[in-house]
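Single-structure report; data block below.
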Amino acid sequence: MPKPADALVSRVRDRAAREPAFANVLEAILEAPPSDSRELTHVAAQHVNDGRRQQAMAEFRDGSLSTAEVRERLGRSSAQSVHVLRSRGQLIGRTIGNATWFPSWQLQGGELRDDLPSLLEALGRFTDDAVAADRVMRLRRDELGGKSLAAALDDPKRAATAWNLLGALG
């Protein structure tokens with residue numbers, strides 16, 4: 001008959017193999033000072049949050065366009081003209097290092113979406129952070145048939161529901 005500790009170790013090993021986030025928490029706990037359980041909790045939470053932030057930033061960049069790409073798609077003569085749109089609240093973006101990234105759902109064809117001012121207003125009631133706004137717009141939702149808000153706005157059957165969800169933000 002296995003000892004309770006052996007069963008626990010087996011369960012932990014199995015879960016860590018299935019769930020990388022759980023393995024990250026265990027790693028953080030093992031690296032933390034053992035004298036204070038509150039410190040263990042803090043270190044584990046910080047480790048998990050850092051991983052989530054890194055993942056969110058990677059997803060943001062994957063779904064975004066660089067300043068040069070936006071400039072080219074909009075037919076602008078300079079990067080500064082793109083940043084003027086951002087400074088006036090007509091476009092959202094996030095500077096990461098030396099580059100600024102703009103969520104691609106803001107553009108349609110070779111121009112800004114016609115409904116972008118209304119979109120940015122709705123998102124602005126919820127957040128002023130481009131990464132958070134992008135997450136809201138690209139997260140798939142059951143109430144939209146598994147589509148994101150960005151995709152549902154272009155679907156005549158789901159656009160009204162998408163606008164209702166945007167109106168409920170904030």
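The values are calculated or read from the model by the stated rules, or taken from the named source; none is laboratory data. Remember, predicted model here, so these are calculated numbers, not experimental data. Backbone-built Cβ (ideal geometry, glycine too); neighbour counts: all protein chains shown.
Being surrounded by 12 or more Cβ atoms within 10 Å (Cβ to Cβ), under 17 Å from the mean Cα position of the chain (by Cα) and not assigned by TED's automatic domain parsing to the domain that holds ARG53 is a description that does not apply to ARG113.
State whether one or more residues within the range 106-113 are of a type in the set (D, E, K, R) and part of a helix (DSSP H, G or I). Walk me through it before giving the result.
Looking only at the range 106-113, we keep the residues that are of a type in the set (D, E, K, R), and these are 111, 113.
From what's left, part of a helix (DSSP H, G or I): none.
Within the range 106-113, not a single residue is of a type in the set (D, E, K, R) and part of a helix (DSSP H, G or I).
Return yes or no: is ASP134 acidic (Asp, Glu), within 25 Å of SER66 (Cα to Cα) and buried (at least 17 other Cβ atoms within 10 Å of the Cβ)? Here the answer is yes, as ASP134 does meet what is asked. Would you call LEU91 within 23 Å of ASP155 (Cα to Cα), modelled with pLDDT of 95 or more, surrounded by 19 or more Cβ atoms within 10 Å (Cβ to Cβ) and out of contact with any strand residue (DSSP E or B) (no Cβ under 8 Å at 6 or more places or on another chain)? For LEU91, the condition - within 23 Å of ASP155 (Cα to Cα), modelled with pLDDT of 95 or more, surrounded by 19 or more Cβ atoms within 10 Å (Cβ to Cβ) and out of contact with any strand residue (DSSP E or B) (no Cβ under 8 Å at 6 or more places or on another chain) - is not met. Here is a check on your reading of the model: is THR95 without any contact (Cβ under 8 Å) to a residue 24 or more places away in the chain, within 20 Å of the chain's Cα centre (by Cα) and not in a loop (DSSP other than H, G, I, E, B)? Yes, satisfied. Selection of first residues in the range 1-20 that are assigned by TED's automatic domain parsing to the domain that holds GLY51 and aliphatic (A, V, I, L, M) and of second residues that are part of a helix (DSSP H, G or I) and at pLDDT below 75, restricted to Cβ pairs under 8 Å at least 6 apart or on distinct chains, gives the following pairs, ordered by first then second residue: VAL12/LEU26; ALA16/ALA23; ALA16/LEU26; ALA17/ALA23. Evaluated against (1) at pLDDT below 95; (2) among the charged types (D, E, K, R); (3) under 19 Å from ALA159 (Cβ atoms), GLU121 falls short on exactly one condition, (1). Residues in the range 57-73 include at least one that is at pLDDT below 90 and of a type outside the set (Lys, Arg).
Output yes when any residue across the range 128-148 is outside any loop (DSSP other than H, G, I, E, B) and of a type in the set (S, T, N, Q), and no when none is.
Step one: filter the range 128-148 for residues outside any loop (DSSP other than H, G, I, E, B), giving 130-138, 140-144, 147-148.
Pick out the ones that are also of a type in the set (S, T, N, Q) and you get 148.
Yes; the residues of the range 128-148 include at least one that is outside any loop (DSSP other than H, G, I, E, B) and of a type in the set (S, T, N, Q).
On the stretch given as the range 47-81, residues that are outside any helix (DSSP H, G or I) and either of a type in the set (A, V, I, L, M) or exposed (fewer than 11 other Cβ atoms within 10 Å of the Cβ) (or both) total 4.
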